[in-house]
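The values are calculated or read from the model by the stated rules, or taken from the named source; none is laboratory data. For clarity, every value in this text was computed on a predicted model and none was experimentally measured. All Cβ positions, even for glycine, are placed from backbone atoms using ideal geometry, and neighbour counts span all protein chains on display. Side chains included, ligands, DNA and RNA excluded: accessible areas come from the protein's heavy atoms. Shrake-Rupley method; radii C 1.70, N 1.55, O 1.52, S 1.80 Å.
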Amino acid sequence: MSEWSSKLGFVFAVIGSAVGLGNIWRFPFQVGNNGGGAFLIPYLFATFFFGLPLMVVAIKAGERMGTDIVKSFSEMKKGYFGWFIAVVATLILSYYLVITGWVIAFILFSLTGFTTSFGEFTSSLKPLVYWIVALGFTGLIVSYGVEDGIERAASIFIPLIFIFLAVLAVYNSTLSGFGEAMDFFLNPDYAVLMEPRIWRSAFGQAFFSLSLGMGILLTYGSYIGDEMNIPKLSVIIALSNFAVAFLGGLVIFPVVFTKGLEPSQGAKLAFVTLPSAMAGLPFGNVLGAVFFSLLFLAAVSSSISLLEVPVAVAIGRGTSRTRAIGSMLVILFMAGLPSALSYTSAGVSMSGMPFLDFIDESISDIGLPITALIIAVTFTWLTDEEITDVKTIDVIVRYLVPAALVVLMATEVVYPV
Ligand code: PHE
């Protein structure tokens, strides 16, 4: 039976899952697209008032069930929910690894001075090579198992991520755009809070960032051996996750403002705007290499958590870890191909956008709210056992989280965009 070797190892692994492209790549452009610092208000509210209690319940449920998500749901005669979540986790991973591949390429590009642009790179077939490297690396770590693979990798990656972020934040505080970036973050235009889309994006971002709804916390919770104070550890995890997102913004925006560029660049912010801004700065190459290495460590520690969900399901059905990973890599290759090809000259698209953007948007707007709803409802309403004895947490996850998720999905219909 796999188990974490220590409390700290568990905390690092969950932070590793939470801290990812979502914090450093997605969060800054969400802030940029959603009116700047005002976005922090709904984001913090969603993170600490809704996300955190759901996190506690999911980890505790995993600890209680002590098994993979399909078996956990099967015990409540709802095995199909477990399969559904495993499929959504696999779909997220399928495109997450494509972006991880871009990140690997960008570490190399920054060292050579950004001579290749994002457009040139992605329209060639080169991203396929980096994507396969990302697939292989993720599979390799998970093949070492829970303690020697996932926990050990996270225990190295997380401290490095904080060191790299600190280095970059210190460097950025010397840039002329630093003041403007702080202003953008801390002196926001509160009028945007009246727009439902801001709240929807904030909830989507908070849940995605905390890795909620993907069965990861259930799976990771099932590897808890010793008694742990899960609410307290969850607070540490959520705070660290927020700290990385905030620092991520402080790393990106000063560079963007120093060069007089626009922060509302969408998904291109880290890959197009930032390299062009960094290229002209003192030590720009080093800065770029540190930034993309940071992004790489964050991305891999999240992708291993996503891979562990279906791998644990396969192991639970009697497969060996190595075989489970082998089959998952083949599935991920096939499922990821449309995303991997979407920016190349093959241009695979859906509803008029690159396939990768389409699947990212569908998952975060529809997939994640549904899976989070399933988890919240199953482990409060549908279980006979008490998952948490903290009344407030139970009330929030039982009533408020489902209500918020339903409202969120309803605004999608009423106020599209
Ligand atoms: N939380 C990760 C991030 O912020 C992404 C993720 C989402 C990982 C869902 C696992 C599950 O990048």
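A few remarks follow.
- Residue within the range 256-267 that is out of contact with any Phe, Trp or Tyr (no Cβ under 9 Å at 6 or more places or on another chain), assigned to a helix (DSSP H, G or I) and either closer than 25 Å to Leu356 by Cα or among the hydrophobic types (A, V, I, L, M, F, W, C) (or both) present: yes
- Of all positions in the range 307-317, none carries a residue that is closer than 25 Å to Ala404 by Cα and within 15 Å of the ligand (Cβ to nearest atom).
- For the range 334-362, filtered to residues that are assigned to a helix (DSSP H, G or I) and in contact with a strand residue (DSSP E or B) (Cβ under 7 Å, 6 or more places away or on another chain), the residue that is surrounded by the fewest Cβ atoms within 10 Å (Cβ to Cβ) is Phe358.
- Hits in the range 178-211 (condition: part of a helix (DSSP H, G or I) and either within 16 Å of the ligand (Cβ to nearest atom) or among the acidic types (Asp, Glu) (or both)): Glu180, Asp183, Ser201, Ala202, Phe203, Gly204, Gln205, Ala206, Phe207, Phe208, Ser209
- Of all residues in the range 129-161, those being open to solvent by 10 Å² or more (accessible area, probe 1.4 Å), of a type outside the set (A, V, I, L, M) and within 19 Å of Ile104 (Cα to Cα) number 4.
- Spans of helices (runs of 4 or more DSSP H) in the range 1-119 with at least 3 residues within 16 Å of the ligand (Cβ to nearest atom): 7-18, 27-33, 52-65, 79-111
- Some residue of the range 99-108 being aromatic (Phe, Trp, Tyr) and surrounded by fewer than 23 Cβ atoms within 10 Å (Cβ to Cβ): no
- The residue pairs whose first member lies in the range 49-60 and is more than 11 Å from Phe379 (Cα to Cα), whose second member is of a type in the set (Gly, Ala, Ser) and open to solvent by 10 Å² or more (accessible area, probe 1.4 Å), and whose beta carbons are closer than 7 Å, counting only pairs six or more residues apart or on different chains, are Phe50/Ala404.
- Only one entry in Val395, Val390 is more than 20 Å from Met214 (Cβ to Cβ), free of Cβ contacts under 8 Å to residues at least 12 places away in the same chain and among the β-branched types (Val, Ile, Thr), namely Val395.
- Identity of the residue in the range 384-417, in a helix (DSSP H, G or I) and of a type in the set (D, E, K, R), that ends up surrounded by the fewest Cβ atoms within 10 Å (Cβ to Cβ): Lys391
- Hey, Ala298 at pLDDT below 95, within 16 Å of the ligand (Cβ to nearest atom) and crowded, with 23+ Cβ neighbours inside 10 Å or not: no
- Inclusion of Val313 among residues that are closer than 28 Å to Glu147 by Cβ and aliphatic (A, V, I, L, M) is warranted.
- Residue in the range 352-359 that is within 14 Å of the ligand (Cβ to nearest atom), in contact (Cβ under 8 Å) with a residue 12 or more places away in the chain and under 17 Å from the mean Cα position of the chain (by Cα) present: yes
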